[in-house]
Amino acid sequence: MINTVENFTFFELLLVCLDVYFVWLIIYYILKLIKSNVRAVQILKGVMLIYLIDIISQIFDLYTLSALIGNIIDWGLLAVIIIFQPEIRSGLEQIGRNSTMNREKNSLAVNDIHSILANSVEFLAKRRIGALIVIERGVKLDEFITPSTIIDGEISQELLTTIFVPTTPLHDGAVMIRDGKLYCAGAYLPSTRREDINKAFGTRHRAAIGISEISDSLTLVVSEETGRYSIAYKGELKVYDRIDTFKADLEKYLG
């Protein structure tokens, strides 16, 4: 006999609600991982293509292809776990962490961060010291953080400018800002493959454009050759001569 809602006890209803809630929670975090991770989007496209091929092979009775795809699907879950091991670990850590406490630890206001970034860029530009600063936003850049040096400290002009001094070991890579903190230094970014980029732009500018093409990050560049500074966003690079204009656009982009 099929139970109706009236026949459920309070405890049974509570279990049903918890069941639905946990399923929704798992789906939510999976979608959040896919949305905020560059690799996850590409792998999701690959998984959809594999399932499409599997359906076609079954429709047209392509036995060999169907068996091959079946084996790929059987081992696919294990492959996904191995590939996303860092992201899964990071996600579990975030679930177990109190996000309210983390927000309280970040004592710097947004306006303070804008000023620190603008002042640091101006300081470096006047001295012709090259710099590459990535401000992470919605899309997580964990795959580029892995080979870098984790700092996870409060942002300051002294720390930022010191990192890019040519005699320091971390000056050659990018600094990454995450959740209002200086998260890592010495990160290496993918260079753009576009052929229409101005030949005057060097490795840092091409890397800044490259990371902006595959994420929603905002990247600040200081040229050691010209002393000019730039902002890369959504595949475009804007070069500045005035720090006040640079700061105004920085505030506009970051909100």
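Here is how the numbers come out for the structure above:
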{"read-out": "Some residue of segment 221-230 being in contact with a Ser or Thr (Cβ under 6 Å, 6 or more places away or on another chain), open to solvent by less than 20 Å² (accessible area, probe 1.4 Å) and in contact (Cβ under 8 Å) with a residue 12 or more places away in the chain", "value": "yes"}
{"read-out": "The one condition in (1) at pLDDT 80 or above; (2) open to solvent by 60 Å² or more (accessible area, probe 1.4 Å); (3) among the acidic types (Asp, Glu); (4) in a helix (DSSP H, G or I) that residue 12 fails to fulfil", "value": "(1)"}
{"read-out": "Neighbours by Cβ (under 7 Å, 6+ apart or cross-chain): first from segment 176-191, free of Cβ contacts under 8 Å to residues at least 24 places away in the same chain; second buried (at least 18 other Cβ atoms within 10 Å of the Cβ)", "value": "191/206; 191/207; 191/210"}
{"read-out": "Residues being in contact with a Phe, Trp or Tyr (Cβ under 9 Å, 6 or more places away or on another chain), without any contact (Cβ under 8 Å) to a residue 40 or more places away in the chain and of a type in the set (A, V, I, L, M, F, W, C) - total across segment 119-167", "value": "2"}
{"read-out": "Breaking point among (1) modelled with pLDDT of 85 or more; (2) open to solvent by less than 70 Å² (accessible area, probe 1.4 Å), for residue 70", "value": "(1)"}
{"read-out": "Residue match in segment 210-219 (condition: loosely packed, with under 14 Cβ neighbours inside 10 Å and assigned to a helix (DSSP H, G or I))", "value": "no"}
{"read-out": "Looking only at segment 43-79, and only at residues there that are charged (D, E, K, R) and part of a helix (DSSP H, G or I), the one that is farthest from residue 30 (Cα to Cα)", "value": "54"}
{"read-out": "Filter result for residue 206 (in a helix (DSSP H, G or I) and under 22 Å from residue 250 (Cα atoms))", "value": "yes"}
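The values are calculated or read from the model by the stated rules, or taken from the named source; none is laboratory data. Keep in mind the model is a prediction, meaning the values are calculated, not measured. We place every Cβ from the backbone using ideal geometry, glycine too, and count neighbours over all the protein chains shown. Note: accessible area is taken over every heavy atom of the protein model, side chains too, but ligands, DNA and RNA are not part of it. Shrake-Rupley method; radii C 1.70, N 1.55, O 1.52, S 1.80 Å.
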